[in-house]
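The values are calculated or read from the model by the stated rules, or taken from the named source; none is laboratory data. Owing to the predicted nature of the structure, the values given are computational and were not obtained by experimental measurement. In this analysis, Cβ positions are derived from the backbone assuming ideal geometry, glycine residues included, and neighbour counts consider all displayed protein chains. The accessibility values were calculated without ligands, DNA or RNA, using every heavy atom of the protein model including side chains. Shrake-Rupley method; radii C 1.70, N 1.55, O 1.52, S 1.80 Å.
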Amino acid sequence: MPEVCEELRDFIINSLSHNPGHLASSLGTVEMTVALHYVFDTPNDRILWDVGHQAYAHKILTGRRERFATNRQFKGLAPFPTPAESEYDAFVAGHASNSISAALGENIADLLQGEDKQVVAVIGDGAMTGGLAFEGLNNTSMTNNNLLIVLNDNNMAIDPIHGGFTQYLLDITTSSGYNKARWKLYNAAKRMHLIDESKKGSVQRFNNSIKAMLTRQPKNIFSAMNIRYFGPADGHNVKDLVRILNEIKDYKGPRVLHLVTVKGKGYAPAEHDQTIWHAPGEFNVESGERTGKHVQLWQDVFGQTLLELVREDKRVVGISPAMLGGCGMNIVQKEFPERVFDVGIAEGHAVTFSAGLAKEGMIPFCNVYSSFLQRAYDNIIHDVALQRLHVVLCIDRAGIVGADGATHHGLLDLAYLRPIPNLTIGAPMTGEELRLMMQYAMNAEGPVAIRYPRGEVKEDKFEKSEKFEELGARCLKDGKKGAVLSIGAIGNTVAKALEGTELAHYDMRWLKPIDTDTLDYVGQHFEQVFTVEDGVITGGLGSAVVEYFADKGYTCKVKRIGVDDQFVEHGSTKELYHMLELDEEGLRIQFERGL
């Protein structure tokens, strides 16, 4: 088994050096994965992964080694576990903190149907900071089940994790010798019929008392919830892991196995800088040099602008749910650590925490990736918009994000935010527009949401005096044959597609409140109107325009262009925009077709 682990680790490192993916997380789970598949009879027994970028070794061991070179590529292997790809993938694992809840449901379904199967939830890489994980634990503690929870404790998400629960895990000090002696004593007493599973509660309480006395530690949170706790154990000792799993796998009732691992294990550069090597892009295996070129990114503009606003106004603070580096807020943290809050993988809390800050006079810029913000929808409505609190939601990774696929594309935000009262919604076309929108949002009244994409940013030549004092659109190109209304960064592609045409182009900039003066002009002067957005067309810009025209009685023909009613697969942004006819060529064809 150690040899298999070494081969797996080398295979992952060499594969990802030229086909980028999530490197450090999967290097940290190699031994755990080998041990789990050695002990459990998958796919009859089921392993549910939390934050699926831990699961590359799992994919390779379950019949996908030969295709692993296509991982995250268009029409290739999915970026995360999905039952649509393999019977060994027990549940979709694109986001975080859902494994305990889903695994509990599967385990109880087995029990109700008389099935004798094992279900394992592997949670970690920051996912234990998510509220859903604790909701799942709570229900696990009070329901008849045989769930095994494997806690992959590496003290990391993308960035280092902070918080009371993380510190609590670091403070758990259980003697491995004590654990071995306890398990041997328990099994020996069971063989002698001195104890059985019906008496496990009293035995467990006795064990916990002894443990607390020997280690001077209070009863741990899992044991306090009547979930049997084992560990912490070395998550990189594959032989010990097999022994431990074999000893506890047939115990009845819920169990937690706490494994301490190192993110990036076995590759020195990844161990040294776990944040950078979470998803490093292409790199040289021998030298550890990352070979991708650096360009100006949207998150760079966000971070630099937020830093200027923090310097300008002492009320401005930044909040991120475990994405400081990814969103660019680490730029601010370096200079103003007391004004930046990483709350862990807890998007709902991030929004409501921001609401509390705003209620008492602060100006929080809460940065959440678009697809992750879906988990905070009620918090936006109830805790922010209802009270008209001055929270600025900066929505990164909007639109098509590429290789992470359906679980990460930010295609729903315009549609799900637009119906919320009191909320101003903007989408910049350029980096300079993002700067101006953030400056406007700092001085606005009530909540403001600004959504922008992932990737390279296009700058624009604004006059420095331009301000968003009025939330209006801008005309980029005149035309007589029709008008194109776009919102957000996709307007750059629209502009290229319109070169040499007689179509006018308007960058709407704000979805809500929408510029009705521009819509009145367009509705009165053009017979053909196109709307373009990099999101679902149901409920977004196109819907807003059609609704307004209908209310005003305008009879112009409207063609909505965007993403139809579908989840979009993974692939490069270039491939996906081409597939959706949202690249320059596809848009030009749709404009010609519409005319």
Test: Val343 is among the β-branched types (Val, Ile, Thr) and either more than 24 Å from Leu412 (Cβ to Cβ) or buried (at least 24 other Cβ atoms within 10 Å of the Cβ) (or both): no
Unmet criterion (only one of (1) over 18 Å from the mean Cα position of the chain (by Cα); (2) at pLDDT below 95) for Gly405: (1)
Hits in segment 46-55 - residues which are open to solvent by 20 Å² or more (accessible area, probe 1.4 Å) and either over 23 Å from Gly571 (Cα atoms) or not in a helix (DSSP H, G or I) (or both): Arg46
Hits in segment 538-584 (condition: surrounded by 22 or more Cβ atoms within 10 Å (Cβ to Cβ), hydrophobic (A, V, I, L, M, F, W, C) and either free of Cβ contacts under 8 Å to residues at least 40 places away in the same chain or part of a loop (DSSP other than H, G, I, E, B) (or both)): Ile561, Leu582
Odd one out for Gly28, checked against (1) under 23 Å from Asn154 (Cβ atoms); (2) out of contact with any helix residue (DSSP H, G or I) (no Cβ under 7 Å at 6 or more places or on another chain); (3) open to solvent by 10 Å² or more (accessible area, probe 1.4 Å): (3)
Selection within segment 279-333 - open to solvent by less than 40 Å² (accessible area, probe 1.4 Å), small (Gly, Ala, Ser), touching an Asp or Glu at 6+ places or on another chain (Cβ under 8 Å) and assigned to a loop (DSSP other than H, G, I, E, B): Ala322, Gly328
Residue in segment 454-467 that is at pLDDT 95 or above, of a type outside the set (Phe, Trp, Tyr) and open to solvent by 10 Å² or more (accessible area, probe 1.4 Å) present: no
Neighbours by Cβ (under 6 Å, 6+ apart or cross-chain): first from segment 277-288, under 15 Å from Lys265 (Cα atoms); second open to solvent by less than 70 Å² (accessible area, probe 1.4 Å) and among the small types (Gly, Ala, Ser): Trp277/Ala24; Trp277/Gly264; Trp277/Ala270; His278/Ala24; Val285/Ser17
Test: residue in segment 219-239 that is modelled with pLDDT of 90 or more, touching a strand residue (DSSP E or B) at 6+ places or on another chain (Cβ under 9 Å), among the acidic types (Asp, Glu) and in a helix (DSSP H, G or I): no
Gly500 small (Gly, Ala, Ser), assigned to a loop (DSSP other than H, G, I, E, B), on the phi > 0 side of the Ramachandran plot and without any contact (Cβ under 8 Å) to a residue 12 or more places away in the chain: yes
Residue check, His58 within 17 Å of the chain's Cα centre (by Cα) and crowded, with 22+ Cβ neighbours inside 10 Å: no
Flag if Glu575 is of a type outside the set (Val, Ile, Thr), out of contact with any strand residue (DSSP E or B) (no Cβ under 6 Å at 6 or more places or on another chain) and more than 27 Å from Gly76 (Cα to Cα): no
Complete set of residues in segment 403-450 that are outside any loop (DSSP other than H, G, I, E, B), among the acidic types (Asp, Glu) and surrounded by fewer than 24 Cβ atoms within 10 Å (Cβ to Cβ): Glu432
Checking Gly94 against (1) modelled with pLDDT of 95 or more; (2) open to solvent by less than 60 Å² (accessible area, probe 1.4 Å), the condition it does not meet: (1)
Residues (in contact (Cβ under 8 Å) with a residue 60 or more places away in the chain, in a helix (DSSP H, G or I) and either under 27 Å from Gly455 (Cβ atoms) or open to solvent by 20 Å² or more (accessible area, probe 1.4 Å) (or both)) located in segment 247-270: Glu247, Ala270
Candidate set from segment 98-130 (those that are among the acidic types (Asp, Glu) and assigned to a loop (DSSP other than H, G, I, E, B)); member that is nearest to Ala57 (Cα to Cα): Asp125
Any hit, segment 374-392, residues being within 17 Å of Gly488 (Cα to Cα) and in a strand (DSSP E or B): no
Qualifying residues in segment 355-402 (those that are touching a Leu at 6+ places or on another chain (Cβ under 7 Å) and open to solvent by 20 Å² or more (accessible area, probe 1.4 Å)) - the one farthest from Arg418 (Cα to Cα): Lys359
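Of all residues in segment 585-595, which are of a type in the set (A, V, I, L, M, F, W, C) and without any contact (Cβ under 8 Å) to a residue 60 or more places away in the chain?
Matches in segment 585-595: Ile589 only.
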Unmet requirement for Pro83, which otherwise passes all of (1) free of Cβ contacts under 8 Å to residues at least 40 places away in the same chain; (2) under 28 Å from Asp240 (Cβ atoms); (3) of a type outside the set (Phe, Trp, Tyr): (2)
